[in-house]
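Worksheet: the structure to be examined is printed underneath.
The values are calculated or read from the model by the stated rules, or taken from the named source; none is laboratory data. What you see is a predicted model, and the numbers here were worked out from it, not measured in a lab. Accessible surface is based on the protein model in full, side chains and every heavy atom, while ligands, DNA and RNA are left aside. Shrake-Rupley method; radii C 1.70, N 1.55, O 1.52, S 1.80 Å.
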Amino acid sequence: EAPIPKMLAPCLLRRVALTVPLVVVVALLLTEPVRSDQEAGTAIPAESRPCVDCHAFEFMQRALQDLKKTAYNLDTRTETLLLQVEKRNLCDCVAANLLN
């Protein structure tokens, strides 16, 4: 393989630096722009879509159910931890009485 002459390397680099942005600009100009009236997917007729208030109500119902579930889990976890603490204190108390 013949080495690239020293004067040719900067010229090739400059040509690549000018060609790449030009190709990108041409590609952007050739692609079809997306129109604002195009929607993704299929359109659902307004009559069959639930109203905004119905969506909000369903969302709030799900959020309330999640909160109830979280509160129950926290309550159960708190009870478990309290029982563990009471058991530990009882065991410590019994162990101290046996040593005396």
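Assess whether ALA56 counts as being open to solvent by less than 100 Å² (accessible area, probe 1.4 Å), under 30 Å from the mean Cα position of the chain (by Cα), at pLDDT 75 or above and not aromatic (Phe, Trp, Tyr).
Yes: the conditions hold for ALA56.
Name the one entry in LEU98, LEU81, LEU64 that is in a helix (DSSP H, G or I), open to solvent by 100 Å² or more (accessible area, probe 1.4 Å) and aliphatic (A, V, I, L, M).
Sole residue among the options that is in a helix (DSSP H, G or I), open to solvent by 100 Å² or more (accessible area, probe 1.4 Å) and aliphatic (A, V, I, L, M): LEU98.
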